[in-house]
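**Q** Take this structure first; my questions come after.
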Amino acid sequence: MSTLLYSLGRWSYRHPWRVLLGWVLLLALAGGGAGLFMKGTDNSFTIPGTESQAGLEQLNRTFPQVSGTNAQFIVVAEDGQSVTDPPYRDAIGAAIADIEDLDGVLAVTDPFDDMISGSVSDDEGAAMVRMQFAGQSTEVPEETVTALEDIVDDFAAQLPDGSQVQLGGDLFALSVPGVTVTELLGLAIALIVLIVTFRSFVVAGLPLLTAVLGVGLSMALIFVATAFASVSSTTPLLALMLGLAVGIDYSLFIISRHQDQTRDGTDPEESAARATGTAGSAVVFAGITVLIALIGLGFAGIPFLTTMGVAAAVAVAIAVAVAVTLTPALLGLVKGRVLGWRRRRPRKDAVPAARPRGFATRWVSLVTRHPVVTTITVVVTLGVMAIPALNLGLALPNAGQLPKDDPARIAYDLTSEHFGPGANGPLIMTGTIVTSNDPLTLMTDLGEEIERIPGVKEVALATPNETADTGIVQIVPETAPDDPATADLVRELRAQHDRLLDEYGVDLQVTGFTAVAIDISDRLGGALLPFGLFVVGLSLILLMVVFRSVWVPIKAALGYLLSVAAAFGVVAAVFEWGWFADALHVARTGPIISFMPIVLMGVLFGLAMDYEVFLVSRMREDYVHARRAAGGRAGRRMAIEAVRSGFTASARVVTAAAVIMFAVFAAFIPEGDSSLKPIALGLAAGIAIDAFLVRMTLVPAVMALLGTRAWWMPRWLDRLLPHFDIEGEAVERELALADWEGDGSTVVVVSEGLALRDAADAPVYGPVDLRVRPGDALVVTADDPHAARALALTISGRLSPSDGRLRVAGHLLPERAAWVRARVSLALLGSTEDPVAELRRALAGSPVLVVLEGFDTLERLPRAARDHALGMLRDAASGRSLTVVATVAGTPADVAAARTLLIDAGLRGIEPISLPTAITDTEVLA
């Protein structure tokens, strides 16, 4: 990965305009596609496989008058008057007649109808008119909504002065979130932080440019996707928030590394390539962790949440791609101006001990000097911050969470005041009554029975449909839609299923949009534990792969859990307890949006792993170098010094990244959408807590406590886990061996001390020293045919060696294995039923080197087939320098015969070698 990114960074630096124009063209195409195909977002929430959703689908087929979205307007009479008085009653009747003529209106309930109860308040001071529409809220024609608003406005104008009329209901309950000027404040803070970090106005603008371009592309693609999938209105804003935060930070990491290198005297082009290969590798790893966590939102099995996770993952993936391509391209445009303002250097005659130490050095020294006190203090602090999370309630958004001056919120509050909070979220029980001989009496009896259940304020309607095959019971709870008591009532109604079925013979389902919201909240709450186990387990595995340690991943996972719990506590303190609610413009305290916890856990996981990687990888690098310098010996003092030096080297960039992310997320809190506001607060709090309390305080303290044990891992586990070059070690090794090329440009295969060990640490072959030049044919034999096969796989870039150096076709292995596999062919002749066809495949495409495993198989073929195979070799070698490495498992006579066959094919046979015996010189035979 790092070598690929190194080459990509160099190419982007050399061709900046191509890269920039390429991304701008993609943005233009995506923007054009959004303009042509965009259908708008969808605020409807569905949850397949639940009772409430099944009930809605049944009602849609048999009782469409109550299955779609609804609206209502409430009429409040002037003090001392009654809505039953003629001025009100007559005007309401006329308004109902006008509304019934609108397109898409299925039914309008007259509050004065004897069949309907609860639509006139007990004091007759208010009346409520309910309307039912076909389909979900997004399917109601805009013309119908506008006409409805006009009718209600005209109706209100006819009423006596002092009366109130307000339109609300599900059709108007959800607001479409948008971007406000406040969000730009986050970008302004990010710009200031970047200027301070880079000490350059020009360089500070580069991360913002890459982030804005990436966000623009991802947003355009999301709006294109609305033509093919249902996308909630919260999804684009979440992608915008994440895309800006990670886009700025990922570019920041690469530019910071490049700036440090150029200040140390590295050539700008070489520095850009190295920064992309090293810091870019960490960026790719960080992006992968965020992607996996976001895609893991599908654990809940809720389509709109899965879509939200995928859309946010697309924004993060684009941010990664932009960071590793456009960032080095922009560095190629600014070139030497990346250095920034010079810092004041201490006088040469100053005593080193007297020179002032930076804050990071002083802080990490304090933390590691008192690790036990620091650890206990941080853990207790985060534990106290998490206490409010015990009261965290979950619910889907409704009109009660809109700003107080929003018309739908006013209607919600008036309804609660005059009809009780439950009138804003009625429930429906429905079932098939086709076997009943008296459906009207049956539904009346059912309504009376259900009305006696605790928590039910009243049954507003109990009636069969027109064909008398389906009945509904409309229930008004005593509590609000997002009140936990309403969720308890839904569970109690479902618990009565069997009793009501036995007594009345009706298989009842509890449904309605309030029940759907409760089911979604329950499903999301149930998904938190498996999703948490998935995230924590993933972090353990990924960090073990990166750091080759057991304790570092465990410490990181526990720190992540502390950060999440504390972030939940901050959200609960604001939205449940009301702390600073007015300052943050929280319209109403109470339950938060249901998918906040799982989204927060997924996003914060990826971002927390970012900081863990950038901090701890530098500590590990310093520890490994110090131990190597000490001849492999390591002690506690060495481990602590590595923690301090690694922290000091990486604290500046991590601090800048955390401040930028906090600013971006926090900017969405004051004026943000009510659905997004708790997510933004949780992410802002989580980032601040995780970066400054956990990663930059708790982590160095725990690392100091662990000492050398922090880097312990069982040998069997080390061999089992794959290697991920997170800090660009492959790039550093390739640069260090840049001058090691054997015979220069003429060598095709060159190795020194090449060796391979198996999973049990037993030698397979080696050490092997090779020099194979163009046109040479080398025969390799071994007592164990597996050893020869392993060497063939190694030379062809299919297997990584354990020790030694190896360069094939000019590329260092295993770093450039992808390049080697593209130019080197491998023919497994010993394990195929048709060796001739396998050889033909290997020779296709004009490879510079052909590795023939089991070459002695050709000797045992019929003469015609063997001659055909040799003819193909001869044709391939004619007119160009074909190099062959062939493995043979046989006697010396077999080796000699194989060597003769290669020479007969027109190749220069060099002296055969036997594994594991190494050769230090080769004789080229004519």
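**Q** Quick one: Karplus J couplings for segment 26-39, per residue in order, coefficients 6.51, -1.76, 1.60, θ = phi - 60°, nearest Hz, x for Gly and Pro?
**A** 4, 5, 5, 5, 5, x, x, x, 5, x, 7, 10, 4, 10
**Q** Pulled fully out, how much extra length does the chain show between GLU124 and ASP784, if you take 0.36 nm times their separation in residues and subtract their Cα-Cα distance?
**A** 227.8 nm
**Q** Report, by chain and number, residues whose modeled amide H sits under 5 Å from the one on TYR765, excluding near sequence neighbours (fewer than 5 apart, same chain).
**A** The list, which skips near neighbours in sequence, is LEU756.
**Q** Could you order the peptides 678-687, 14-23 from most to least packed, using the average number of other C-beta atoms within 10 Å per residue?
**A** Details: 678-687: 27.3, 14-23: 15.9.
Order by mean packing, descending: 678-687, 14-23.
**Q** Report for the chain the percent antiparallel among DSSP-assigned beta bridges with both residues inside it, nearest 5.
**A** If we restrict to bridges inside the chain, about 70 percent are antiparallel.
**Q** Please report the net charge: other residues with Cβ closer than 12 Å to the Cβ of ALA485, K and R +1, D and E -1.
**A** Here the count lands on -3.
**Q** Using θ = phi - 60° and the Karplus relation 6.51 cos²θ - 1.76 cosθ + 1.60, list the HN-Hα couplings for segment 783-795 in order, rounded to whole Hz, with x at every Gly or Pro.
**A** Running phi through 6.51 cos²θ - 1.76 cosθ + 1.60 with θ = phi - 60° gives 4, 9, x, 5, 5, 5, 5, 4, 5, 4, 5, 5, 5 Hz.
**Q** Can you check what the net charge comes to around VAL824, using other residues whose Cβ is under 13 Å from the Cβ of VAL824 (Lys, Arg +1; Asp, Glu -1)?
**A** Summing Lys and Arg as +1 and Asp and Glu as -1 gives +4.
**Q** As an exercise, identify the trypsin sites (Lys or Arg not before Pro) in segment 627-722 lying in DSSP coil whose Cβ has no more than 14 other Cβ atoms within 10 Å. Can you show the working numbers first?
**A** Values: sites: ARG627, ARG628, ARG633, ARG636, ARG637, ARG644, ARG652, ARG695, ARG709, ARG715, ARG719; in loops: ARG633.
Here the trypsin sites (Lys or Arg not before Pro) that fit, given the DSSP loop and packing criteria, are ARG633.
**Q** Moving on. If I stretch the segment between SER82 and ALA864 completely, what's the gain in nm (0.36 nm per residue apart, minus their alpha carbon distance), one decimal?
**A** Extending this stretch completely gives an extra 270.6 nm.
**Q** In straight Cα distance, which aspartates and glutamates are under 15 Å from LYS39, not counting same-chain residues fewer than 8 positions off?
**A** List returned: GLU139, GLU142.
**Q** In segment 700-716, whose amide N lies under 20 Å from the spot 7 Å out along Cα-to-Cβ of ALA630? List them in ranges.
**A** It comes to 700-714, nothing else.
**Q** Could you work out the Kirkwood radius for the chain, taking every pair of different alpha carbons, averaging 1/r and inverting it, reported in Å?
**A** Answer for the chain: a Kirkwood hydrodynamic radius of 32.5 Å.
**Q** With a cut-off of at most 15 other beta carbons within 10 Å, and DSSP calling the residue loop, which chymotrypsin sites (Phe, Trp or Tyr not before Pro) in segment 661-714 qualify? Please list them. List each step's numbers first, then the result.
**A** Details: sites: PHE662, PHE665, PHE668, PHE692, TRP711, TRP712; in loops: PHE668, TRP712.
Here the chymotrypsin sites (Phe, Trp or Tyr not before Pro) that fit, given the DSSP loop and packing criteria, are TRP712.
**Q** Then there's this: Please list the three semi-axes, largest first and in whole Å, of the ellipsoid equivalent to segment 401-441, using sqrt of 5 times the eigenvalues of its alpha carbon gyration tensor.
**A** 36, 11, 7
**Q** Something else: If amide hydrogens are placed 1.01 Å from N in the peptide plane, which non-local residues have theirs closer than 5 Å to the one on LYS39?
**A** Result for LYS39 returns THR226, ALA227.
**Q** Using only Cα atoms, what Kirkwood radius does segment 737-915 have, in angstroms?
**A** The answer is 16.1 Å.
**Q** Could you give the nm distance between label points at THR432 and GLU911, where each point is 7 Å from its Cα heading toward the beta carbon?
**A** 8.9
**Q** Can you give me the long-range amide H partners of GLY590? Hydrogens built in the peptide plane at 1.01 Å from N, cutoff under 5 Å, separation of 5 or more residues or another chain.
**A** It is GLU576, by chain and number.
**Q** Below 8 Å between Cα atoms, with a sequence gap of 6+, how large is the relative contact order for the chain in percent?
**A** 13
**Q** Quick one: Karplus J couplings for segment 544-552, per residue in order, coefficients 6.51, -1.76, 1.60, θ = phi - 60°, nearest Hz, x for Gly and Pro?
**A** Running phi through 6.51 cos²θ - 1.76 cosθ + 1.60 with θ = phi - 60° gives 5, 5, 6, 9, 6, 8, 9, 6, 4 Hz.
**Q** Can you give the calculated 222 nm mean residue ellipticity of the chain, where each DSSP H run of n ≥ 4 adds -39,500 (n - 2.57) and the sum is split over every residue, rounded to the nearest 500 deg cm²/dmol?
**A** That calculation yields -18000 deg cm²/dmol at 222 nm.
Just so you know, all these numbers are worked out from the coordinates, no wet-lab data involved. Quick caveat: nothing in here was measured; it's all calculated off a predicted structure. Using ideal geometry, Cβ is built from the backbone for each residue, glycine included, and neighbour counts are taken over all protein chains shown.
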